Number of protein chains: 2
Amino acid sequence: MSVEAAAPTRPMRADARRNYEAIVRVASEAFAEHGTQTSLDDIASRAGVGPGTLYRHFPNRDCLLEASLVDSRHRLLALGERLLDADDADDALDEWMFALARHAGTWDGLADSIAQSLNNEKSPLGASCGAVITATRKLLERATALGSVTADASARELFIMAGSLAWAADRAARGEGSGTGEDELPRLLALLMRGLR
Amino acid sequence: MSVEAAAPTRPMRADARRNYEAIVRVASEAFAEHGTQTSLDDIASRAGVGPGTLYRHFPNRDCLLEASLVDSRHRLLALGERLLDADDADDALDEWMFALARHAGTWDGLADSIAQSLNNEKSPLGASCGAVITATRKLLERATALGSVTADASARELFIMAGSLAWAADRAARGEGSGTGEDELPRLLALLMRGLR
DNA sequence: ACCTGAACACCGTTCAAGT
DNA sequence: ACCTGAACACCGTTCAAGT
């Protein structure tokens with residue numbers, strides 16, 4: 001199917017693998033702490049490697065984001081599989097959209113990074129979203145077949161809207177009053193799903 | 001009302017005013033071309049001033065964004081006044097939300113800059129949003145009194161959601177297929193308003 | 001009072017030199 | 001094959017020196 005030959009990827013050298021994993025681990029912490037725009041230089045030094053090593057493994061920021069998200073996306077897709085077997089297709093779609101928004105809201109700025117990457121042919125982050133959008137389409141079609149979802153919206157739009165809601169909930173939650181901002185994602189999502197039906 | 005004494009702002013020196021205006025004019029072009037994260041250094045040189053002059057007039061990026069938006073916001077608020085006199089409070093709210101989203105979508109990244117500034121006490125951009133949120137509240141209350149808007153959402157949330165939709169429409173429009181991405185804002189907004197009712 | 005531009009700290013990215 | 005860290009270009013921000 002693919003044009004490029006399947007690279008006979010030999011196992012990584014032990015020190016290379018050690019560095020790779022250290023970088024991903026540190027990156028996840030840094031993204032969680034300072035958002036997706038945190039300094040790559042800083043990640044490299046915190047991982048105990050030179051900037052060149054980071055760039056050798058991850059040619060750009062999107063590659064590092066992608067690598068740091070594989071586990072989370074794997075869990076997300078597994079949930080999608082399970083939801084396809086759920087009795088209530090409506091509830092399943094709700095739950096999926098919620099999980100999708102949570103995924104996009106993992107780190108500050110992630111929803112933006114993902115949405116930007118969607119239009120970028122070169123980005124591995126954007127490419128990896130394909131499977132997630134496909135899962136969204138299946139769940140959407142099941143709910144549409146039930147007749148409860150009437151508004152026409154594509155799976156790609158739902159995917160973007162999930163990110164948009166994560167974005168909005170994050171912004172709405174901060175500095176609301178004196179207290180800690182509450183989680184508004186469920187309410188905003190309910191608003192959207194009401195509009196779909 | 002305000003604690004700080006009203007500064008007896010004397011008129012600007014002619015050359016200072018000339019520079020101020022040149023910077024704002026160039027900034028608007030640059031923001032339109034490269035988004036709100038464009039280089040301030042570049043704006044300064046394009047305006048024919050040193051970086052120090054730009055920072056003297058606009059201590060940070062938000063100040064420059066704010067100055068570049070005053071005209072647009074003035075027009076927006078004028079529309080808000082007119083809509084308060086409209087016959088149909090529902091239509092008025094729709095039209096307001098559309099204008100709000102368009103405003104937030106003026107430049108790439110503006111919705112994000114605005115939302116970030118909302119939680120930042122120091123930002124003049126965030127401060128200036130107060131009047132817009134107040135206008136949103138009045139229009140929302142009018143529509144709520146009519147009984148058509150049932151979901152409870154605060155004016156602040158609607159303000160953020162307008163930005164969120166501008167964000168989503170912008171991301172959804174790009175690179176959709178081969179053709180030029182179409183404007184999805186009206187549809188996404190209709191979805192939200194349906195959910196509110 | 002205002003402007004200028006050198007200067008500083010920082011960041012992304014590359015690459016020649018090492019092992 | 002992989003790593004290192006110096007090096008480059010760039011950007012935001014400050015400030016001493018000018019007018």
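The values are calculated or read from the model by the stated rules, or taken from the named source; none is laboratory data. Just so it is clear, the model here is predicted, and its values are computed rather than measured. All Cβ positions, glycine included, derive from the backbone under ideal geometry; neighbour counts span all protein chains shown.
A few points about this structure:
- From the options A:Ala99, A:Ala78, A:Ala67, residue that is at pLDDT 95 or above, within 19 Å of the chain's Cα centre (by Cα) and within 16 Å of DNA strand D (Cβ to nearest atom): A:Ala67
- All conditions but one from (1) in a helix (DSSP H, G or I); (2) among the polar types (S, T, N, Q); (3) touching a residue at least 12 places away in the same chain (Cβ under 8 Å); (4) surrounded by fewer than 17 Cβ atoms within 10 Å (Cβ to Cβ) apply to A:Gln37; the one that does not is (1).
- Among the conditions (1) at pLDDT below 95; (2) part of a loop (DSSP other than H, G, I, E, B); (3) surrounded by fewer than 19 Cβ atoms within 10 Å (Cβ to Cβ), B:Ala86 misses just one, which is (1).
- Search result, residues across the range A:125-152 that are of a type outside the set (Gly, Ala, Ser) and part of a loop (DSSP other than H, G, I, E, B): A:Val149, A:Thr150, A:Asp152
- The set of residues from the range B:107-124 being assigned to a helix (DSSP H, G or I), buried (at least 20 other Cβ atoms within 10 Å of the Cβ) and among the polar types (S, T, N, Q) comprises B:Ser113, B:Ser117.
- The residues of the range A:169-187 that are more than 7 Å from every other protein chain (Cβ to nearest Cβ), assigned to a helix (DSSP H, G or I) and either modelled with pLDDT under 85 or in contact with an Asp or Glu (Cβ under 8 Å, 6 or more places away or on another chain) (or both), listed by number, are A:Ala169, A:Asp170, A:Ala173.
- Put simply, of B:Leu64, B:Leu40, B:Leu83, B:Leu77 the only residue that is over 29 Å from A:Asp112 (Cβ atoms) and either of a type in the set (A, V, I, L, M) or within 12 Å of DNA strand C (Cβ to nearest atom) (or both) is B:Leu83.
- A residue that is away from DNA strand D (no atom under 13 Å from the Cβ) and either farther than 21 Å from B:Ser128 by Cβ or in a helix (DSSP H, G or I) (or both) can be found somewhere in the range B:48-62.
- Inspection of the range B:152-168 identifies at least one residue that is more than 7 Å from chain A (Cβ to nearest Cβ), aromatic (Phe, Trp, Tyr) and out of contact with any Gly (no Cβ under 6 Å at 6 or more places or on another chain).
- Counted residues, the range A:51-61 - those being farther than 10 Å from A:Asn19 by Cβ and more than 7 Å from DNA strand C (Cβ to nearest atom): 1
- Failed item, numbered, when A:Met12 is tested on (1) surrounded by fewer than 13 Cβ atoms within 10 Å (Cβ to Cβ); (2) assigned to a loop (DSSP other than H, G, I, E, B); (3) away from DNA strand C (no atom under 11 Å from the Cβ): (1)
- Some residue of the range B:89-106 being free of Cβ contacts under 8 Å to residues at least 40 places away in the same chain and loosely packed, with under 13 Cβ neighbours inside 10 Å: yes
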